[in-house]
1. Scan region 266-285 for residues that are open to solvent by 10 Å² or more (accessible area, probe 1.4 Å) and over 15 Å from residue 210 (Cα atoms) and jot them down.
2. Of the residues that sit in region 680-712 and are farther than 18 Å from residue 47 by Cα and surrounded by 18 or more Cβ atoms within 10 Å (Cβ to Cβ), which one is modelled with the lowest pLDDT?
3. Got a sec? Which of 612, 646, 601 is open to solvent by 40 Å² or more (accessible area, probe 1.4 Å) and either at pLDDT 95 or above or of a type in the set (Asp, Glu) (or both)?
4. Criterion first (open to solvent by less than 10 Å² (accessible area, probe 1.4 Å), of a type in the set (Asp, Glu) and more than 30 Å from residue 635 (Cβ to Cβ)) does residue 168 satisfy it?
5. Can you name the condition, by its number, that residue 463 falls short on among (1) farther than 17 Å from residue 331 by Cβ; (2) touching a Ser or Thr at 6+ places or on another chain (Cβ under 6 Å)?
6. Check whether at least one residue in region 154-166 is touching a strand residue (DSSP E or B) at 6+ places or on another chain (Cβ under 7 Å), modelled with pLDDT of 95 or more, over 21 Å from residue 64 (Cα atoms) and of a type in the set (Ser, Thr, Tyr), and report yes or no.
7. Has region 466-476 got at least one residue that is under 20 Å from residue 422 (Cβ atoms), open to solvent by 10 Å² or more (accessible area, probe 1.4 Å) and outside any helix (DSSP H, G or I)?
8. Any residue at all in region 734-752 that is of a type in the set (Ser, Thr, Tyr), buried (at least 19 other Cβ atoms within 10 Å of the Cβ) and at pLDDT 95 or above?
Amino acid sequence: MEMASLPDGNIADLLDRRPINYSYDVNQRLQMHSSLIRRLSLEKELEGHQGCVNAVAWNSRGSLLISGSDDTRVNIWSYSTQKLLHSIDTGHSANIFCTKFVPETSDELVVSGAGDAEVRIFNLSHLSGGRTEENAITPSALFRCHTRRVKKLAVEIGNPNVVWSASEDGTLRQHDLRESASCPPVGSSRQECCNVLLDLRWGAKKSLADPPKHCLFLKSCDISSTRPHLLLVGGSDSFARLYDRRMLPPLSSCQKKMKPPPCVNYFCPMHLSDHGRSNLHLTHVAFSPNGEEVLLSYSGEHVYLMDMNLGGDSVVKYTAEDVLNQTSFTPMLIAAERTQVATQRLPYGSSMKSHISSRVNKCKELVQAAERCLNEGMDFFYGIEACSEVLDGKGLEIVPELKHECLCTRAALLLKRKWKNDVHMAIRDCNKARSIDPSSFRAHYYMSDALLQLGKHKEALDYAVAAQRLAPSNSEVAEKVESIKAQLAAAEADKSNKENAGASKSETRSGRVRSGVVLHRSEVNSDASQDGPRSEREDSDYDEEMELDFETSISGDEAHDVESNILRGSLNLRIHRSDLARENSCANGSCGSPTSSSQNDNIPYQPEAVIDLKQRYVGHCNVGTDIKQASFLGERGEYVASGSDDGRWFIWEKRTGRLIKMLLGDEAVVNCVQCHPSDCTIATSGIDNTIKIWTPRAGMPSMVAGGAAGPETANVLSVMENNQHKLCRSREAILPFELLQRFSVHEFAEGSFHPFECAQS
């Protein structure tokens, strides 16, 4: 199927426009031009590490590349010669997860964070020289304040004095190099250093409506390059949080567990805000180069784009009530978008109208092509991309009737394709279509289909009945109504039978089974335990005894069922800390309830409004590792890239979510994707011991390119479909056995939320 051309045109036209518009920044537009991206191929593999490469970062000028690895070494590479300049034996006792150049230090200061909970800073001018593998250096600063793994570091452009570190202990700390070069180790009798900027040990939420009362194990953080007072963090729940550093309380210690400070904004796709899955969490958050958007990457999920637009009206926000109303039937009386058509076109001159007419015709062709995909029952992926090009690429230039048709067609295609969360995207399209045409038969009919896929039979019946009223002579919708009624009646009868049968077994369900190692009796009664597989004791970060706790975890859109006492999913193993872990945590002030006033405790919790998604990027798989990045490419950030568990990395057009390029970058998993500051050059790393450098060297543009293993011959669509299947599987089933063997059992006993990173053998 022939797709629409990309919006940046060709390079020749770009160069021709230079004399016309002197403010036109050709260099920025050329850096990540579509024709260059589609020619990306492997230029060089940088060899120098002896373990997984978990972090790569460029310096501000792009002349140097820094990397951190499981071998606990930090390597510095030359961009011009692509050779190893320095290899630092950091002294970390666990794998390095993050490393950066400290700004405005002539690239002499570098910082690293690792699984040993330490942050170390090194001055490269102190290197003794000689052979790179013999470079041993004492850290110029050593911070041991964290109690769990340090997963991310952040620096501020133009600030050589401060480094921020995010840890799985639930704190984000601010290390001011002007004040101290070290801090007391954990458990020291001396006063703990006061450098906690964010205390989120009581900050995680199970869902939007629930108050924060769990430890938020921080996985990622970022500081805006355009507004450095803005700080973005993500961790062990589905919500990214935006903070204004100017509005935060003074730095503190961890002696007392504090309630989380208010944030500027929450970010989360609406369909993930009420999921309640214990394993749903963020692996990476990032600001766009212009600071107007944020990018979120989820474990077991997709990559999502959100708008910042502080103080603007274009950002889509929702509340807990909106989440409930999204799938409930509510008649719409006014089609607001119909009134906007005439005003959109009045200011245009004849030449502009001609241009718009041409683009509208192209939109109609794309919608017709998508309709053919739907009618023929094939090429759903390409039909969806055609609709997305119309809606997200040219949405302001099409009439509401065409937009409505396109939304309904895309919803139908999404319901046919059935990739993860496609059903939720279809619901969004149906609601938008109904806002344009409240009497739309297709929108009501497809909404009913979507709700059936989610197991919401009562809501599906409401929409099916509404569709039947709109088309009384349609036999297909009449059959659907009768079918749903029959399913509801059967489900109610089955539920009643199960409740009667379960009543006689209530005594056996009041406690947990003795495992032979330990007995843990649930503190809730049998009625409460029937509501789901989890008990209130899991609200605590620690249990009184070491315990193997098996529970079912719900994953995928099929998790919802008419019967609330039936749960479908996989079996997860959760290992809770022992008494010793509890004592250690309490010694650091991390146990017990947060400090707060009794007056505030009596105020009912009011859920915050959350910023919804702007775009979704699908095709990759993020399950096997916990450090997978999603990045903006180029100074303009017009493209988005992410690594994947299948050893590939993917590039999408930011605006439409359209897949542009897929490249083979690792034998197992690609975790890191970092774009050069000014050139069309990208560095990637993952499970392999090498760093790959990608440049536009290919003679012909294509969607697929290979790496060290040679040209990629697999079908793009089959690769994406395989990744979608992997998203609903456990990480044990995804990662190779020999790689799982490298994971340390100690990481499980640590009590970390998601211990599946690459670990040293």
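1. Of region 266-285, the ones open to solvent by 10 Å² or more (accessible area, probe 1.4 Å) are 266, 270-271, 274-279, 284.
Passing the criteria: 271, 279, 284.
2. In the first step, residues of region 680-712 are kept if they are farther than 18 Å from residue 47 by Cα; the result is 680, 696-706, 710-712.
From the residues that got through so far, the ones that are surrounded by 18 or more Cβ atoms within 10 Å (Cβ to Cβ) too are 680, 696, 705, 712.
Numbers: 680: 95, 696: 95, 705: 67, 712: 49.
For region 680-712, the residue satisfying everything is 712.
3. Every option except 601 fails the conditions.
4. yes
5. Evaluating residue 463 over (1) farther than 17 Å from residue 331 by Cβ; (2) touching a Ser or Thr at 6+ places or on another chain (Cβ under 6 Å) leaves (1) as the failure.
6. yes
7. No, the conditions are met nowhere in region 466-476.
8. no
The values are calculated or read from the model by the stated rules, or taken from the named source; none is laboratory data. These numbers come from a predicted model, not from an experiment. Methodologically, a virtual Cβ is constructed for each residue, glycine included, from the backbone with ideal geometry; neighbour enumeration extends over all protein chains shown. In case anyone asks, the SASA skips ligands and DNA or RNA and just uses the protein heavy atoms, side chains included. Shrake-Rupley method; radii C 1.70, N 1.55, O 1.52, S 1.80 Å.
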